[in-house]
Amino acid sequence: MTEKRQFTLALFYCQNIPESGLGERQALEEEYRSSLRLFPIPCSGRLESLHLLRALEEFADAAYVITCPEGACRYFEGNLRARKRVDVAGDYLAAIGLERERVGIVANEKGKPKSLAALTGEIMDRVASLDPSPVLNKRTGQKGDAS
Amino acid sequence: MITAEQKPIAEIRKMIEPYKRILVVGCGSCVAECAAGGEKETGMLASALRMAAKMEEKEVLIKERTLDRQCVKDFVIQLEDEIDRYDAVLSLGCGAGVQAVAEMYPELPIIPALNTVFLGETKDQGLWVENCVGCGDCMLFFFGGICPLARCSKQLLNGPCGGSMNGRCEVDADLPCAWQLIIDRLERFDALERLEKIYPPKAWSRKQGKGPRKIIREDQQRV
């Protein structure tokens with residue numbers, strides 16, 4: 001029988017997002033409890049498609065990344081690369097019959113950059129329309145251990 | 001280097017369908033460079049296949065491992081410690097890698113996850129172009145380092161054709177005319193006289209027609 005499980009968002013974010021230090025992160029983890037797993041990265045260009053897929057495979061119903069505004073990446077094109085990697089992860093999901101919307105990217109606003117907390121809230125609202133992941137709701141497909 | 005592209009996931013899933021314990025094996029050499037079968041791509045494919053299996057509630061074990069080089073037995077042998085736990089290998093090696101693993105483990109089905117495409121050069125990030133057909137009788141000296149067999153759309157050895165316009169190829173205007181490049185290069189080296197010779201049709205017997213080719217170097221072999 002399928003157990004009832006809390007919807008979980010894996011959220012990768014560039015550490016240059018305003019108000020995204022350790023204190024703010026801990027406050028968000030306290031607020032959202034097990035429905036949010038935060039992964040600070042030095043630049044969104046560090047994100048690989050593999051990170052998103054692994055998160056969806058192991059614990060997350062959706063996996064998103066928050067980037068600096070376009071044109072404002074301190075490494076010039078990290079956020080542009082992140083967008084491509086999200087697209088690649090989306091292609092893999094579509095190929096196995098999962099919704100592309102389980103991965104996504106949100107770029108901060110150029111004029112009025114938002115805080116990590118504000119952006120997290122927006123993403124949480126966006127993914128609320130998704131059903132729990134069929135990957136995590138089914139019993140495991142892994143047959144024992146090879147070791 | 002050898003370039004390759006991943007097969008569609010639907011095709012891969014169909015091929016692995018009968019198997020319950022699958023080792024996904026990547027290769028850290030050429031196919032890693034062209035982002036088709038390196039450690040990252042192996043991880044992504046294995047992850048996607050595991051998710052697909054979970055969604056369908058299939059009892060399948062899918063593990064992954066990337067070898068430094070899949071076409072050399074000295075590297076393939078590293079699978080020895082775990083290969084007997086699986087009933088199939090899904091290889092992200094080039095065609096040579098798949099066959100090297102298959103020869104070493106004849107009792108196991110070795111399934112290709114990639115389509116091997118061509119011998120080429122990394123031209124830019126995310127751009128690979130064919131520039132060698134492996135003819136077995138390199139003529140780059142005569143053509144200023146530009147191979148007309150690989151880079152001229154018509155494979156002309158005595159070009160250019162009448163369709164070259166402003167240095168572009170008439171078959172595909174996005175391509176530079178290989179013969180324009182050849183002439184420019186030879187001119188730079190004051191070696192245009194190399195083109196005064198008529199080059200006879202290529203002797204393809206050094207590439208094909210005698211079965212798989214071999215290179216034997218006794219000085220490199222075991223004593």
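The values are calculated or read from the model by the stated rules, or taken from the named source; none is laboratory data. Note that the structure is predicted; figures quoted are calculated from it, not measured. Note that each Cβ is placed from the backbone with ideal geometry, even for glycine, and that neighbours are counted across all protein chains shown. Quick note on the areas: whole protein, heavy atoms, side chains included, nothing else; ligands and nucleic acids left out. Shrake-Rupley method; radii C 1.70, N 1.55, O 1.52, S 1.80 Å.
When ligands, DNA and RNA are left out and all protein chains stay put, how many square angstrom of accessible area per residue does the protein assembly as shown have with a 1.4 Å probe?
55
Roughly to the nearest percent, how much of the accessible area of segment B:2-118 is carbon and sulfur, given a 1.4 Å probe?
Taking all protein chains in place, segment B:2-118 shows 49 percent carbon and sulfur surface.
How many partner chain Cβ atoms sit within 10 Å of a residue's Cβ in peptide B:39-51, on average, as a whole number?
6
Calculate for the protein assembly as shown the 222 nm mean residue ellipticity that helices alone would give, adding -39,500 (n - 2.57) per DSSP H run of length 4 or more and normalising by residue count, nearest 500 deg cm²/dmol.
That calculation yields -9000 deg cm²/dmol at 222 nm.
Can you pull the percent of segment A:9-127's accessible area that's carbon plus sulfur, 1.4 Å probe, other chains left in place?
That share works out to 49 percent.
What's the local net charge at A:Ser44, with K and R +1, D and E -1, over the other residues with C-beta under 12 Å away?
Neighbour charge sum, excluding A:Ser44 itself: +3.
Would you mind computing, in nm to one decimal, how far apart the modelled labels at A:Glu30 and B:Glu130 are, each placed 7 Å from Cα along Cα→Cβ?
Simple spin-label model gives 6.3 nm for this pair.
Enumerate the aspartates and glutamates that B:Lys207 could reach by cross-link, defined here as Cα to Cα under 14 Å, with residues fewer than 8 away along the same chain left out.
B:Asp137
Rounded to the nearest 100 Å², what is the buried accessible area between A and B, both sides summed, probe 1.4 Å?
In total, this chain pair buries about 2600 Å².
According to the square roots a ≥ b ≥ c of the eigenvalues of the Cα gyration tensor, what is the shape class of segment A:9-127, taking rounded for a/c under 1.5, prolate for a/b larger than b/c otherwise, and oblate for the remainder?
It is oblate, given that a/c is not under 1.5 and a/b is not larger than b/c.
Have a look at segment A:92-108 and report residues whose accessible surface goes down by 50 Å² or more when the remaining protein chains are included, against the chain on its own, probe 1.4 Å, ligands and DNA/RNA excluded.
Output list: A:Tyr92, A:Ile96.
Quick check on the protein assembly as shown: take the gyration tensor over C-alpha atoms, sort the square-rooted eigenvalues as a ≥ b ≥ c, and tell me if it's rounded (a/c under 1.5), prolate or oblate.
Cα axes put the protein assembly as shown in the oblate bin.
So which chymotrypsin sites (Phe, Trp or Tyr not before Pro) in segment A:45-147 end up in coil per DSSP with only 13 or fewer other C-beta atoms within 10 Å?
Qualifying residues, ordered by number: A:Phe76.
Within the accessible area of segment B:133-208, what % is carbon and sulfur when the probe is 1.4 Å and the other protein chains stay in place?
Ligands and nucleic acids excluded, carbon and sulfur give 53 percent.
Show me the trypsin sites (Lys or Arg not before Pro) within segment A:1-69 that DSSP assigns to loop and that have at most 12 other Cβ atoms within 10 Å of their Cβ.
Answer in residue order: A:Lys4.
Could you tell me the center-to-center distance, by alpha carbons, between segment B:190-205 and segment B:151-178 in angstrom?
What the calculation gives is 17 Å, centre to centre.
If r is the Cβ-Cβ distance from B:Ile77 to B:Glu170 and R0 is 56 Å, what FRET efficiency results, to the nearest 0.05?
After rounding, the FRET efficiency stands at 0.65.
Just to be sure I understand the model, the point goes 7 Å from the Cα along the line to the Cβ. What's the resulting B:Glu107 to B:Glu196 distance in nm?
Taking the simple label geometry, B:Glu107 and B:Glu196 are separated by 6.8 nm.
Near A:Lys84, which lysines are there with a Cα under 21 Å away, not counting those fewer than 8 places off in the same chain?
Excluding near neighbours in sequence, the set is A:Lys110, B:Lys7, B:Lys40, B:Lys123.
Stick to the Cα atoms of segment B:84-223, pair each with every other, and give me the Kirkwood hydrodynamic radius in Å at one decimal.
Result for segment B:84-223, one decimal place: 18.4 Å.
Which residues of segment A:118-136 bury at least 10 Å² of accessible area once all protein chains are present, versus their chain alone (1.4 Å probe)?
SASA drop of 10 Å² or more in segment A:118-136: A:Pro134, A:Val135.
Given axes a ≥ b ≥ c from the Cα gyration tensor, I'd like to know whether segment B:2-118 is rounded (a/c under 1.5), prolate (a/b larger than b/c) or oblate.
oblate
Out of segment B:94-158, which GluC sites (Glu not before Pro) are coil in DSSP terms and have no more than 13 other C-beta atoms within 10 Å?
B:Glu107
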